[in-house]
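Here the structure comes first, spelled out in C-alpha cells, and everything after it is commentary.
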Amino acid sequence: MLGAGRVRVRDAAPGWLGAWLERASPWIFLAPGAAIVLLFSLFPLVLSLYFSLVRLEFAPGGFRLAFVGLDNYAKLIVGVDREEFVGVLAGPSPAGWAAWGLAAAGLGWWLARSARTVSGRGLLARAALAAVSAAGVWLAVRTLAPHGRPGSLVVTLIYVAVGVGAEYVLGLGLALLCAQRIPGRRFFRVVFLLPMMITPVGVAYLFRMLTDTSKGPFYPLWKALGLVNFSWVNDPWGARAAVLVGDIWQWTPFMFIVLLAALESQSTEPVEAAVADGASAWQVFRHITFPAILPVSSTLVLIRMIEAFKIVDLPNVLTSGGPGTATESLTLHAYVIWRALDIGGSAAIAYLLLLIVTVAAVSYVHLVHRRAVGAA
Amino acid sequence: MTRRHARPRPIPAAARVATYLALGTWTFVVLFPLYWLAVTSLKNPIDVFSGPLYVPFVDFRPTLSAWRYIFVDLRNDTLRPYANTVIVATVSSVIALVAGSAAAYGLARFPYRPRVGAILLFAGSLAVAVVALSLNVPWPAAALGAAALGAGAWRAARARFRRAASNEDIAFWMISQRILPPVAVVIPVYVLFQRLHLLDTRTALVITYVASNLPIVVWLMRDYFRSLPVELEECAAVDGASRYRIFWSIVLPPSAPGLVATFLFVLVFAWNEYLFALFLTSARAQTLPLTIAAQNATRGPQWWYMSVLILIMIVPVIAMAVALERYMARGLLVGAVKG
C-alpha cells in the first residue's frame, strides 16, 4: 500500500534493520506529524460534538451529563441565548432595505451567470451559498437597524470583514511605499514588523491605555473635540472600533511583510517597458503589479480570514466583551458560557463557529482563491 | 501616493515628500504605543492618574519602583511564568519544526496512497475509544479495545478498500486543521489532560502547541522543499546514502532560511498564545500572557506593572524579529505563493 521512493537506494551498511528503515522511510517521515494532527483534530472534534448534545446537570454527589439532542443549538438560534448569539432583530431602516436589495440583486445576478457555466452539484452548492449569504446580509441589516442589536455572530463577521479588509489595504499601501528605492527602507520595514510580535493580551491593555479619554496620551485631542467624558469602552460602536483598531494595528504587519517580499521579487522589465510606453502609474499598478501579487494577496486574505474568525484575546481584555455583550466574538461568547458551566452551549457555539469558518474558507478557495492563483 | 510607486528613478520631489510623510505617520502609529508603554513603566501610580504626562524628567520624575516590584518583590511570580513561557514556546516550536518538516519532506518527495477505508476505520476506532472513555471505561482498556476492534475490522475488510487518498489530500487535510477554532477543541483537550492528570503542567501546553503549530510548519516547509532541485538527492541516493542521511545533510542545509522563518513564526504564536493557556493552566504552568492579564486587579488595572511585564515579554521576540527579518519575509513568501 505504500509507494516506495522513486529512487531505489542501497544503504551503505544494509543490515535487516537498515533495509526495513529504508523501505519504511516515507512513513517514518510522515507518521509522527500525521499522528499528532490526527489525534488533536479527530478526538476533540468527536468529543466536542458529543458535548454539544448534552447538558451538565448537578446530581447528588456530583454532576451528570444529560442528553438533550439539539436543544443547545435551538437555544442559540431561537431560544434564550438568541439575543446574545444572533442579536435583537428590528425592522430594517431604509438604508438597510437598500443594502439588502443590492446584495440580493448581486447574488441573484451571480447565480444566474453561474447557471450558464456550471451545472449539477456545483450549481447546487452555489445556490446554497447564495442563500446563506443572503440570510447573513438580512441578519446584519436587521440587527444593525436603529432598534436592533447585533449578537456575537454578526459582531464576529464585522471583525473579520472590516479587520481583514483594512489590514490588506493598509499593508498593501505600506508595502508599495516601501518597495521604492528610497533611503531608510530597512528602518521602516523592521519597525513596521513590530506589532505582530506583541502578545494580543498586551496589545489589548495597550489600547485600553491609549483609548482612555481623560488620562490617556491623546487627552488634549479629546479635549479639543469635547469628548473628554466620552468613554470608548462604554459606547457599543466605540468599543467595537477600539477592538478593530487594536486588531488592525497588530496584523497589518503580516500583510505588509509578505506583500513587500512579493513586490520585491517581481521582475522590473515589464514595469519599465510599460513606463517607456507612457503608461501612468495607476495603469502600471492595475495591469502589471497587482496581477503579479494577486496569488499572494489571495493566500494572505485566506489565512487572515481564518485566523480572524478566532479573535478572542482582544475583546476579552480590552472590553471584557462589553458594554453588555456588544463586543463579544463567537469564541469569547463560548468562553463566557463555559465559565457559567454551560458546557453544552459552549460546545454548540464552537461547532457553529467551525461550520461558519469551514463554509467561508471552502467557498473562498473555490470561488476566489483558485481563480486568483490560476490567473497568474 | 500609492500610485507613484512603480515609476522608476528618479522619484519626483513631491512624491518623495508624500512617501516619507505616509511612512512617517505609520512609524508614529507603530512606535508611539511602545513609547507609551516604556514611559508608563517608569511612572508612579499618581503620575498615571494625574492625566497624561509624556516626557520623563520633564513632565514627571521617573521611578524604577514598578520594575523593582516585578523583579524583586514578585521575583518568583514573575520568573516562573517567564521560564514557563520560554520553555513551552521553545520546546514546542522545536518539536513542531522537527516533526513538521519531516512530514513536509515526505509529502514533497514520496507518493502516498493511503486507502480511504483504512483512514475511516482508524477514525471509527478512535471514536469508539472516545465514547468508551466518556462512559468512564479506564483508558488502557478503552485504547486496547478500540485498537483490537480496528485491527479486526481491517483484517476482515481490507480487500474491499479501493479508493486511496493522494499527497495533495493529506497536505490539504493537515493544513486545514488551522481552520479549527481553538475554542472548539479546548474543552475536550481539557478533559483529556484532566484524565491524564496533566492539567496545569508545561507538558500539556507543549503537546497542545505542537499540535496547533504543526500545520503551519507543514504548509510552509512543503513548498520550500518542493522548490529545491531533486537531482542532488538522486545523486546521493545512487551513491548509497540512506533517506535519513539525504534529508539531514543534503536537504536541510539549503532550507535554513525557510526553517528559520518558520521557527520564528511558530515561536511567536506559542509565545503569545492565550486561550489554551487560560483553560489548561492555573498556577504552576501559567505563562506570561496570563500574568499580564492578572494585573487587572480588583483595584483596577495596574498599568505600571503591566507595562513592565509587556516590555520584558516582547523584548526577546522583537530582538529575534529584527535580527531575522529578511528570512521571515522570504520564508513566508514561498509558502504564500503556492499556498
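With θ taken as phi - 60° and the coefficients 6.51, -1.76 and 1.60, list the Karplus ³J(HN,Hα) couplings across region B:203-215 in order, rounded to whole Hz; mark glycine and proline as x.
My calculation for region B:203-215 gives 4, 4, 5, 4, 4, 5, 5, 4, 5, 7, 9, 4, x Hz in order.
For chain B, set up a GNM with springs between Cα atoms under 10 Å and report which of B:Val186, B:Val91, B:Val137 has the largest fluctuation.
The residue with the greatest mean-square fluctuation here is B:Val137.
Quote the FRET efficiency, to the nearest 0.05, computed for B:Ile46 versus B:Arg326 with a Förster distance R0 of 41 Å and r equal to the Cβ-Cβ distance.
Plugging the Cβ-Cβ distance into 1/(1 + (r/R0)^6) gives 0.35.
Search the structure for amide H atoms under 5 Å from the amide H of A:Val88, placed 1.01 Å from N in the peptide plane, and list their residues when 5 or more places away or on another chain.
Residues meeting the criterion, in which the H sits 1.01 Å from N, are A:Arg149, A:Gly151.
Can you give me the Cα centroid spacing of region A:31-82 and region B:268-288 in angstrom?
Computed from Cα coordinates, the inter-centre distance equals 23 Å.
Could you tell me the center-to-center distance, by alpha carbons, between region A:161-192 and region A:298-356 in angstrom?
Value for the Cα centre distance between the two parts: 29 Å.
I'd like the trypsin sites (Lys or Arg not before Pro) in region B:115-165 restricted to DSSP loop residues with at most 10 other Cβ atoms within 10 Å, sorted by number. Each step should come with its number before you reach the end.
Values: sites: B:Arg115, B:Arg155, B:Arg158, B:Arg160, B:Arg162, B:Arg163; in loops: B:Arg162, B:Arg163.
Here the trypsin sites (Lys or Arg not before Pro) that fit, given the DSSP loop and packing criteria, are B:Arg162, B:Arg163.
What value in Å³ per residue do you get for the convex hull of the alpha-carbon atoms in chain B?
So the per-residue hull volume is 217 Å³.
Regarding region B:113-165, what's the average projected area of the Cα-atom convex hull, expressed in nm²?
3.6 nm²
I need to check one value: relative contact order of chain B, counting alpha carbon pairs closer than 8 Å and at least 6 residues apart, in percent.
Relative contact order comes out at 26 percent.
With just the Cα atoms defining each centre, how far is region B:205-232 from region B:146-174? Give it in Å.
Between the Cα centres of region B:205-232 and region B:146-174 lies a distance of 24 Å.
Quote the relative contact order of region B:221-300 in percent (integer), defining contacts as alpha-carbon pairs under 8 Å separated by 6+ residues.
It comes to 25 percent, rounded to a whole number.
Only loop residues by DSSP count here, and only those with at most 14 other Cβ atoms within 10 Å; note down the chymotrypsin sites (Phe, Trp or Tyr not before Pro) in region B:30-136 that meet that. It would help to have the intermediate numbers written out before the result.
Numbers: sites: B:Tyr35, B:Trp36, B:Phe49, B:Tyr54, B:Phe57, B:Phe60, B:Trp67, B:Tyr69, B:Phe71, B:Tyr82, B:Tyr105, B:Tyr112, B:Phe122; in loops: B:Tyr54, B:Phe57, B:Tyr112.
Loop-located and lightly packed - B:Tyr54, B:Phe57.
Rg over Rh of chain A, using C-alpha atoms and the Kirkwood radius, what does it come to?
1.04
Once you keep just the Cα pairs under 8 angstrom separated by 6 or more residues, what percentage relative contact order results for chain A? Present the calculation step by step, with values, prior to reporting the outcome.
On the way: 410 pairs, mean separation 78.2, N = 376.
Value for chain A: 21 percent.
What share of Cα pairs, in percent, lie more than 35 angstrom apart in the protein assembly as shown?
Every Cα pair in the protein assembly as shown considered, those over 35 Å come to 51 percent.
Coordinate-derived values only; no laboratory data. The structure displayed is predicted, hence computed values, not measured ones. Methodologically, a virtual Cβ is constructed for each residue, glycine included, from the backbone with ideal geometry; neighbour enumeration extends over all protein chains shown.
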